[in-house]
Each structure stands twice: as C-alpha cells, then as structure tokens.
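The structure appears below as structure tokens.
The values are calculated or read from the model by the stated rules, or taken from the named source; none is laboratory data. This one's a predicted model, so the numbers in the text were calculated from it and none came from an experiment. Every residue, glycine as well, gets a Cβ built from its backbone with ideal geometry; the counts of neighbours run over all protein chains shown. Accessible surface areas use protein heavy atoms only, side chains included; no ligands, DNA or RNA. Shrake-Rupley method; radii C 1.70, N 1.55, O 1.52, S 1.80 Å.
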Amino acid sequence: MQLELYGPLRRYGPVTLTFSTPQPVRAVRDALAEKLPAAKELIARSAFGDDERALADDDVLQPGARYAVLPPVAGG
Amino acid sequence: MITTEPIDRGRAASAVAHPSHGGECCFFGVVRDVNLGKKVVAVSYEAHAALCTKVFAQILERVRAKYDQPLRLFLEHRTGRLAVGEISVAIAANSVHRDEAFRACRDIIEAVKHEAPIWKQEHFEDGDSEWVHGHSLCK
C-alpha cells in the first residue's frame, strides 16, 4: 500500500506499508504511527483519503492501492 | 478550483455577475504579516488538488441547496508560497438579494477551512517556519 503524506507529514513520506489483506483505516493509521513514531500524535489526528473523498475510520483500504494521509487542514 | 497563479479580485466578481441579481458579496483571504505575535513574511499553501476539487464542488452544491434563491458562486484557492498581502482564497456569491449573498459567502469560507484538504505553513521573519494547526478530517 502506497501512502502519500501531505502538509506537515510530507517530510516523512511517501511510505509503503505491506498488508496481505484489506485493512480498515484505523489499522493502517496504527501501522503508520508505528513506522513513524516521531509523527505519532499528528498521525492520530490524520484522515485517509483517495482522489474522491476523505475516508471514515471504518472504511477498508486495499493492500495494493494508493492513498493520501491528510493531517488536520487549514485552508483559507 | 485550485490555482498556482495570483488571484484576481475582479475575476471573482465578474464570474458571478448576473443582470437579475442585486446582491454580490466577495470574500478574500489575504496573507497577513503577523500571527500569534510573530512577524510573518510569507505563507506556503499545499493542497491535495484532486480531492480538493471534489470537496469544493460539494461545498458549492451544498450551499446552493441551502438557500431558496438562485445563487451564482465562485471559489478559488491558491497554492505555493505567497507573500504578505497576496490573496490565498477568493469567494464570490451573487444572489437576487443581499442576505443570501452574505450568508453564502460566509458558509463557503467556513466550509473551506474545515473540509478542504489544504495545509498552511507560516514563514517567520526569524527564518523559522511552522505549520498551522488545523481541523481534523477524521470521521
């Protein structure tokens, strides 16, 4: 699974995580935090998304797919 | 839409102009030179462009549906490094009467701040930079 990191997380990425089965967002978030402990607190507040929408924590991510990791937003 | 080009105030207003509409409201977000007591020299904006385009469309659709009046709306956000005084976001709302135009404009900027995948990094006079704490999209 390819993860593109945005905003304040960009300096840590991109990141590849390997899963053999589909995983809920919350599980992938935990795995990412384990891989990047320095960004643990920010990752805990970050959503996952694709080009269409920000995903809910219960949504399932596919092992071979690409997703965005979206830290808290601050447009305007 | 998301743009890397400077935003033109006049284009925002002209994009929504309509001869039957009497209320036109524009909002411009502008880079200011101070935040939390620190001198700001520039702000960098980054966006997830594809997702942002979808979110912008959803915001405008939702605002149109909220008001029982015809609305013409414009929304543009810039990315890249902006100097103090440059426009980061432009919103224009045009309606038959002023109330809907004012309220729609406010609705859109609040939604952009809370929902659009955009990040802001302030650059300070002392050479330091800091990402602005924002609103989590977790749900």
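Within region A:65-76, residues that are more than 7 Å from chain B (Cβ to nearest Cβ) and modelled with pLDDT of 95 or more sit with their Cβ atoms under 6 Å from residues that are surrounded by fewer than 20 Cβ atoms within 10 Å (Cβ to Cβ) and not in a loop (DSSP other than H, G, I, E, B), at 6+ positions apart or across chains, in these pairs: A:ARG66/A:GLN2.
Looking only at region B:97-135, residues that are among the hydrophobic types (A, V, I, L, M, F, W, C), farther than 16 Å from B:VAL55 by Cβ and facing chain A (nearest Cβ under 9 Å) come to 2 in all.
Restricting B:GLY37, B:GLY22 to residues that are open to solvent by 60 Å² or more (accessible area, probe 1.4 Å), more than 14 Å from chain A (Cβ to nearest Cβ) and either in contact with a helix residue (DSSP H, G or I) (Cβ under 6 Å, 6 or more places away or on another chain) or on the phi > 0 side of the Ramachandran plot (or both) narrows the list to B:GLY37.
Looking at region A:28-50, is at least one residue facing chain B (nearest Cβ under 8 Å), open to solvent by 30 Å² or more (accessible area, probe 1.4 Å) and modelled with pLDDT under 95? For region A:28-50, residues facing chain B (nearest Cβ under 8 Å), open to solvent by 30 Å² or more (accessible area, probe 1.4 Å) and modelled with pLDDT under 95: present. Close contacts from region B:29-51, counting a first residue that is closer than 10 Å to B:LEU82 by Cβ and of a type in the set (Asp, Glu) and a second that is buried (at least 18 other Cβ atoms within 10 Å of the Cβ) and modelled with pLDDT of 95 or more, with Cβ to Cβ under 7 Å and a gap of 6+ residues or different chains, come to none at all. The residues of region A:51-64 that are at the interface with chain B (Cβ under 9 Å from one of its Cβ atoms) and more than 27 Å from B:ILE91 (Cα to Cα), listed by number, are A:ALA56, A:ASP57.
Can you spot a residue in region B:91-102 that is in a strand (DSSP E or B) and open to solvent by 20 Å² or more (accessible area, probe 1.4 Å)? Within region B:91-102 (the criterion being in a strand (DSSP E or B) and open to solvent by 20 Å² or more (accessible area, probe 1.4 Å)), the answer is no, since none of the residues qualifies. Pairs linking a residue in region A:26-42 that is free of Cβ contacts under 8 Å to residues at least 40 places away in the same chain to a residue that is loosely packed, with under 14 Cβ neighbours inside 10 Å and in a helix (DSSP H, G or I), with Cβ atoms under 8 Å and 6 or more positions apart or on different chains, are A:ARG29/A:ALA44; A:ALA33/A:LYS40; A:ALA33/A:ALA44.
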